[in-house]
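Down below is the structure, laid out as structure tokens.
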Amino acid sequence: MTDAAKPARVDAWLWAVRVYKTRSAATAACRAGHVRVNGERAKAAQPVRAGDELRVRIAGFDRILVVRQTITKRVGAALAAAAVDDRTPPPPPREMTAFVPVRDRGAGRPTKRERRETDRLRGR
């Protein structure tokens, strides 16, 4: 059995391909349910093999990753990029996303007039 054919822990693989900065952050994401392997919630010690599809929720967005090669140690950026196939769709253009008005920090509660203007902007 070659080294690439051996299964690897999902948290170690996510750390090795630089999805998470630390292995403990990858373990915490698995524990919180932010990692799915082939559609099923993954525990940190679940093995992944070449061809498995991972869905990882980071900052409110899902990344779809396919395992090309299993690695368990940190390697160079070129080898890490070769071990993963990123199939995440591109984000929608800025013109398509809704504009959310942001108040200045420390500005306090909006006045009745400001709230009505905000409601008018949102179309309520």
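Numerical summary
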quantity	calculated
The one condition in (1) hydrophobic (A, V, I, L, M, F, W, C); (2) touching a residue at least 24 places away in the same chain (Cβ under 8 Å); (3) open to solvent by less than 60 Å² (accessible area, probe 1.4 Å) that Val66 fails to fulfil	(2)
Residues that are hydrophobic (A, V, I, L, M, F, W, C) and open to solvent by less than 80 Å² (accessible area, probe 1.4 Å), drawn from region 43-63	Ala44, Ala45, Val48, Ala50, Leu54, Val56, Ile58
Yes/no for Arg18 being open to solvent by 40 Å² or more (accessible area, probe 1.4 Å) and either in contact with a Gly (Cβ under 7 Å, 6 or more places away or on another chain) or without any contact (Cβ under 8 Å) to a residue 12 or more places away in the chain (or both)	no
Among residues of region 95-124, those that are modelled with pLDDT of 80 or more, surrounded by 10 or more Cβ atoms within 10 Å (Cβ to Cβ) and not basic (Lys, Arg), counted	6
Output for region 11-36, where each listed residue is closer than 15 Å to Arg68 by Cβ and out of contact with any Ser or Thr (no Cβ under 8 Å at 6 or more places or on another chain)	Leu14, Val17, Arg18, Val19
Residue check, Ala26 open to solvent by less than 30 Å² (accessible area, probe 1.4 Å) and in contact with an Asp or Glu (Cβ under 6 Å, 6 or more places away or on another chain)	yes
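The values are calculated or read from the model by the stated rules, or taken from the named source; none is laboratory data. This is a predicted model, so every value here is computed, not measured. All Cβ positions, even for glycine, are placed from backbone atoms using ideal geometry, and neighbour counts span all protein chains on display. Protein only, heavy atoms only, side chains kept; ligands, DNA and RNA dropped before computing areas. Shrake-Rupley method; radii C 1.70, N 1.55, O 1.52, S 1.80 Å.
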